[in-house]
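*Asks:* I have a structure I would like to understand better, so I am pasting it below and will then ask my questions one at a time.
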Amino acid sequence: MKTNRRNFIKTSGAAVAGGMLLPPFLQSFQNVKISANVKYYLDQFEVSAEMLQRVISEALSKGGDYADLFFEQKTTNSLGLEDGKVNRAYSNIDFGVGIRVLNGDQTGFAYSETVTLDAMLNAARMAANIAESKKEYQNSDILEKVPSNYYKISRKWEDVSVKDKVPFVQKINDKVFSLDEKVIKVNAFLNDESSYVMFYNSEGRLTYDYRPMISFGAVCIMEKDGQVENAYSARSFRKGFEWLTDDLVDELAREAVDRTNILFEATKPKAGEMPVVMGAGGSGILLHEAIGHTFEADFNRKGTSIFSDKMGEKVAADFVNIIDDGTLENNRGSINVDDEGNDVEKTYLVKDGVLNSYIHDRISSQYYGVNPTGNGRRESFRNIPLPRMRATYMEPGPHTKDDIISNVDYGVYVDNFSNGQVKIGAGDFTFFVKSGYLIEKGELTQPIKDINIIGNGPEALADITMCANDYLIDNGTWTCGKDGQSVPVTCGLPTVLVKKLTVGGSV
Amino acid sequence: MTKQEKYNLAKWAMNHALENGAQQVSVSISNNRSSSVDVRNEKIDNLEQAIQSNLTIRLFVDKKYSVHSTNRMKKEDLARFIKEAIKGTRFLSEDEFRTLPDPELYYKGNGVDLKTLDAGFDRHDPQQKIDLAFQTEKEVFGKDDRIISVSASYYDGLSERLMVTSNGFEGDTSNSYYGLNAQVSVKGGDARPESYWSESAIFYDKLEKKGIGKKALERALKKIGQDKIASGEMPVIVENRQVSRLFSPVISALNGSAIQQKNSFLVDKKGEKVFSEKLTITDDPFIVSGRGSRLFDSEGLATKKRTVFGNGVLQNYYIDTYYGKKLNMEPTSGSTTNLVFETGDKNLEELIATVNRGILVTGFNGGNCNGTTGDFSYGIDGFLIENGELVQPVSEMNITGNMKELWANIGEFGNDVNESSSWLTPSVLFEGVDFSGM
């Protein structure tokens, strides 16, 4: 078990913009040093520790229970290739602070894109309006929380010139074209992101994170006898420039070409209910949709999830262990600290087939009286935190992939997906299959493509009758949306047999 | 910032880019103000306010192209940002097709007032807005034993955008919006069906303020007992507000980028009859207070009324300046404004009455469409129709097919146009759709 160092820090008067008159309760903080890390982040956001405390006091001036500030500076760069050339670039800078006030489970929220004291106090006053009581707030001492580091990198994206990135995008195009004569077009992209966040709350907790992200991939478009098909391959990680290599380019190009080629022979299966073998990797979309969202504690707290009131119940076979993990090294879904300043962890949602934990943010963990699980995430400083997934996967089981496929008389094997969705209350989830195979008499036969598969969460979970030992995380560019907010996630699954799902197709 | 100050800043940024090596530049500044209140279980759940600004600059540097945006609007920050952006652009490959639009095609002013802004935006009482959310929730709260959760939201916003380009365009637009919605979850067996209803308007006074909660509750209660039925080929009616889900792949396929990249099932089809002759759609940017009304598009091109499909014949793609040059076609604007569907003469109930056995689709659940081939497969829920009547709620089913066949097999359009969207879709009856269920 990791212990996190907690430093008491006191704010230094020297950090304050010239000659500001401090209210009496801040006087005691003068002449005490703050850590180099804290100073770095305060400087990055052009604020002082005193300003943080002033804004929190203002946010709680109407009697709220709790307030927090979430500062963020995000730089995004994107390169695009079309018709053989890296001929477009995009960049974006987003900067600001979100101010949240909680009054019980009620939320007041406002944000400011400038960090002058006046602008922040204005936003704090708006957020304060959620409360109306005589309760008074006493500022806490500042407690620095040093976060973990799950994504060590060598070369930060912000230090990398466009010049150094362009060749990789060009190479993936050239490689795809070299692999197959049927290729008529390639679209390639490289998106990098550097995000700095700083968090401070009314309990005095001050923490921070640097979050790198890279996504790289290509869409391959092929033509054969007048038929056009396309598929893509991509990877995404919290890694630095050192991650880009020629081997990676080759791997992605090969995958894009293979995935497109298979589509020329693929057909639609016959529609109806049948066994579905979920191939190792991206099939984790099943967990994300069928189980993950419905375990998010905000839905359960409100009673709107099909899994509400089912904690501690046996919901799946003994070998089913489902995890939501924020600590995987360099994973797209990992975070060093969540967006409410809490430690992230490896959370068992289902342990030995029994529902073990929901996915919590601050509000829900207080409602249920449990420790936060580090799932409070937000798209940006413009949004309130919600319970969100990170990397969601299932541990390996007792069977093998061959056992599982040979067990199916007629069904489908699926391993390449584009999107999924779930209705929280009904538990009905879907995922869209880009490609897979028919299974006939225990063997993979005809390729299939472009079909939606639909099932019911609790039923599908209970219907997982076999699970292989070939667990794999899919490191694609998964983005999860909820209440209009997008956050990066990943998913993974060993090869699994779901006894019965409804497969789209021809009648 | 006043509008004049924003114009000044945009022109300053444009000139700064021109002085630092760009040959052509376009700068836009947008601002949004918004607020929302969510009410749940007779309490405010969430109260939010936001003010947002952004500057976006499109750079054409030695035939190389890039786009950059930032919300750090101080001149010193912008100056550094623009210089860096130009430096990075020089490392890209040349693209001979990148230019600003032909100035002849720009909107040059003196258009009609399209009435997309509520001049009284700041005058509406904030407490009255909160009360609206409470009233909407009250229409439902405690009204039925099966209710698990009710929430209602009021939201509004004002967006402003202005743009200047180095070859002579100047223009600005403002839009306001107001919305009210309700979401209801009910208990029915093991499942907890939920439904939703919403209304929105450009003017506060035009916003439908009553009956939204009630409608959401009715729709949720009707879903109790949802089940799948046997797979089969059936006629399907898609409710007006849901039609856009099946039509958006068609619009994507008309996009210049998809056409030029051969990523569309409608490549080289202009002038051909591709869909049912019952399909006639006009793109009309000039509807007064239309949700998609505008005098110029995001590049500054003056908008025009155009037929998209005339009796099933594809008449216009959506082509912007760049893909127009690549395809050697006239630019028509890269996005839809208001899509006006030619309607039939029956309302939804009358359409349902014509169906012997089929399905009414009232919601989609996931699924996708392959833009290259038009093959689609979507999860749906709705109702089984027998002898012209809704007999059973259905869910956990898929519809699967191809867009070209789907839109070629239109049985009939309803007359119940969805006014709450820029796509003015009526309900549609499609013949012979494949359903997968049990």
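The values are calculated or read from the model by the stated rules, or taken from the named source; none is laboratory data. These numbers come from a predicted model, not from an experiment. Cβ sites come from the backbone with ideal geometry, for glycine too, and all protein chains shown count toward neighbours.
*Asks:* Would you be able to say whether some residue in segment A:419-434 is on the phi > 0 side of the Ramachandran plot, touching a Pro at 6+ places or on another chain (Cβ under 6 Å) and touching a residue at least 24 places away in the same chain (Cβ under 8 Å)?
*Replies:* yes
*Asks:* Oh, and also: Give the residue, chosen from B:Ser257, B:Ser293, B:Ser264, that is in a loop (DSSP other than H, G, I, E, B), surrounded by 18 or more Cβ atoms within 10 Å (Cβ to Cβ), of a type in the set (S, T, N, Q) and touching a helix residue (DSSP H, G or I) at 6+ places or on another chain (Cβ under 6 Å).
*Replies:* Of the residues listed, the single one that is in a loop (DSSP other than H, G, I, E, B), surrounded by 18 or more Cβ atoms within 10 Å (Cβ to Cβ), of a type in the set (S, T, N, Q) and touching a helix residue (DSSP H, G or I) at 6+ places or on another chain (Cβ under 6 Å) is B:Ser264.
*Asks:* Across segment B:169-226, which residue is farthest from B:Ile29 (Cα to Cα) among those that are at the interface with chain A (Cβ under 10 Å from one of its Cβ atoms) and among the basic types (Lys, Arg)?
*Replies:* That would be B:Lys187.
*Asks:* Please go through segment A:128-166 and give me each residue that is closer than 19 Å to A:Ser194 by Cα, not in a helix (DSSP H, G or I) and not charged (D, E, K, R), ordered by number.
*Replies:* A:Pro147, A:Ser148, A:Asn149, A:Tyr150, A:Tyr151, A:Ile153, A:Ser154, A:Val160, A:Ser161
*Asks:* Of the residues B:Ser66, B:Ser26, B:Ser30, B:Ser93, only one is of a type outside the set (A, V, I, L, M, F, W, C) and under 30 Å from A:Thr107 (Cα atoms); which?
*Replies:* Just one listed residue meets the conditions, B:Ser30.
*Asks:* Conditions first: (1) assigned to a loop (DSSP other than H, G, I, E, B); (2) within 13 Å of chain B (Cβ to nearest Cβ); (3) under 30 Å from A:Lys224 (Cα atoms). A:Val169 passes all but one, so which condition is the exception?
*Replies:* Result: A:Val169 passes all but (1).
*Asks:* If I filter segment A:57-98 down to residues being of a type in the set (Lys, Arg) and in a strand (DSSP E or B), which single residue comes out as surrounded by the most Cβ atoms within 10 Å (Cβ to Cβ)?
*Replies:* Applying the filter and picking the extreme gives A:Arg88.
*Asks:* Do any residues in segment B:364-381 that are more than 7 Å from chain A (Cβ to nearest Cβ) and surrounded by 23 or more Cβ atoms within 10 Å (Cβ to Cβ) have Cβ atoms under 7 Å from those of residues that are at pLDDT 95 or above and not in a strand (DSSP E or B), where the two are at least six apart or on different chains, and which pairs are they?
*Replies:* B:Cys369/B:Pro249; B:Cys369/B:Met403; B:Phe376/B:Pro249; B:Phe376/B:Met403
*Asks:* Which is free of Cβ contacts under 8 Å to residues at least 40 places away in the same chain, out of contact with any Lys or Arg (no Cβ under 9 Å at 6 or more places or on another chain), within 8 Å of another protein chain (Cβ to nearest Cβ) and closer than 30 Å to B:His124 by Cβ, of B:Asn54, B:Asn71, B:Asn46?
*Replies:* Residue meeting the stated conditions: B:Asn71.
*Asks:* Something else about it: Tell me, which residue of segment A:110-127 that is in a helix (DSSP H, G or I) and out of contact with any strand residue (DSSP E or B) (no Cβ under 6 Å at 6 or more places or on another chain) is nearest to A:Asp43 (Cα to Cα)?
*Replies:* Top of the filtered list is A:Leu117.
*Asks:* Only one of B:Thr332, B:Thr343, B:Thr282, B:Thr337 is touching a Pro at 6+ places or on another chain (Cβ under 6 Å) and either within 21 Å of B:Val112 (Cβ to Cβ) or part of a helix (DSSP H, G or I) (or both); which?
*Replies:* Just one listed residue meets the conditions, B:Thr337.
*Asks:* What residue, among those in segment B:382-395 that are among the polar types (S, T, N, Q) and in contact (Cβ under 8 Å) with a residue 60 or more places away in the chain, is surrounded by the fewest Cβ atoms within 10 Å (Cβ to Cβ)?
*Replies:* Once the filter is applied, the top-ranked residue is B:Gln392.
*Asks:* Here is a further query. Which residues, taken from segment A:104-121, are facing chain B (nearest Cβ under 9 Å) and among the polar types (S, T, N, Q)?
*Replies:* Within segment A:104-121, A:Gln106, A:Thr107, A:Ser112, A:Thr114 meet the criteria.
*Asks:* From the list B:Val61, B:Val37, exactly one residue is in contact (Cβ under 8 Å) with a residue 24 or more places away in the chain, buried (at least 19 other Cβ atoms within 10 Å of the Cβ) and touching a Phe, Trp or Tyr at 6+ places or on another chain (Cβ under 6 Å). Which is it?
*Replies:* B:Val37
*Asks:* Then there is this: Which one of these does B:Arg245 not meet: (1) surrounded by 18 or more Cβ atoms within 10 Å (Cβ to Cβ); (2) within 13 Å of chain A (Cβ to nearest Cβ); (3) over 24 Å from B:Ser427 (Cβ atoms); (4) touching a residue at least 40 places away in the same chain (Cβ under 8 Å)?
*Replies:* Going through the list (1) surrounded by 18 or more Cβ atoms within 10 Å (Cβ to Cβ); (2) within 13 Å of chain A (Cβ to nearest Cβ); (3) over 24 Å from B:Ser427 (Cβ atoms); (4) touching a residue at least 40 places away in the same chain (Cβ under 8 Å), B:Arg245 breaks only (3).
*Asks:* Hey, another quick one. Scan segment B:396-438 residue by residue and report those that are of a type in the set (A, V, I, L, M), within 14 Å of chain A (Cβ to nearest Cβ) and surrounded by fewer than 20 Cβ atoms within 10 Å (Cβ to Cβ).
*Replies:* If the condition is that a residue be of a type in the set (A, V, I, L, M), within 14 Å of chain A (Cβ to nearest Cβ) and surrounded by fewer than 20 Cβ atoms within 10 Å (Cβ to Cβ), then B:Met438 is the only one that fits.
*Asks:* List the residue pairs whose Cβ atoms are under 6 Å apart, where the first residue sits in segment A:176-189 and is of a type in the set (Asp, Glu), the second is outside any strand (DSSP E or B), and the two are 6 or more positions apart or on different chains.
*Replies:* Sorted first by the residue in segment A:176-189, then by its partner, the pairs are A:Asp180/A:Val257.
*Asks:* Of the residues that sit in segment A:245-267 and are of a type in the set (Ser, Thr, Tyr) and surrounded by fewer than 19 Cβ atoms within 10 Å (Cβ to Cβ), which one is farthest from A:Arg235 (Cα to Cα)?
*Replies:* Among residues in segment A:245-267 that are of a type in the set (Ser, Thr, Tyr) and surrounded by fewer than 19 Cβ atoms within 10 Å (Cβ to Cβ), the one farthest from A:Arg235 (Cα to Cα) is A:Thr267.
*Asks:* Has segment A:99-109 got at least one residue that is buried (at least 17 other Cβ atoms within 10 Å of the Cβ), modelled with pLDDT under 95 and not in a strand (DSSP E or B)?
*Replies:* Yes - at least one qualifying residue is present in segment A:99-109.
*Asks:* From A:Val496, A:Val487, which residue is more than 8 Å from every other protein chain (Cβ to nearest Cβ), surrounded by fewer than 24 Cβ atoms within 10 Å (Cβ to Cβ), among the aliphatic types (A, V, I, L, M) and over 25 Å from B:Ala230 (Cβ atoms)?
*Replies:* Answer to the check: A:Val487.
*Asks:* Considering (1) outside any loop (DSSP other than H, G, I, E, B); (2) farther than 26 Å from B:Val112 by Cα, say which one B:Lys269 fails and leave the rest.
*Replies:* (1)
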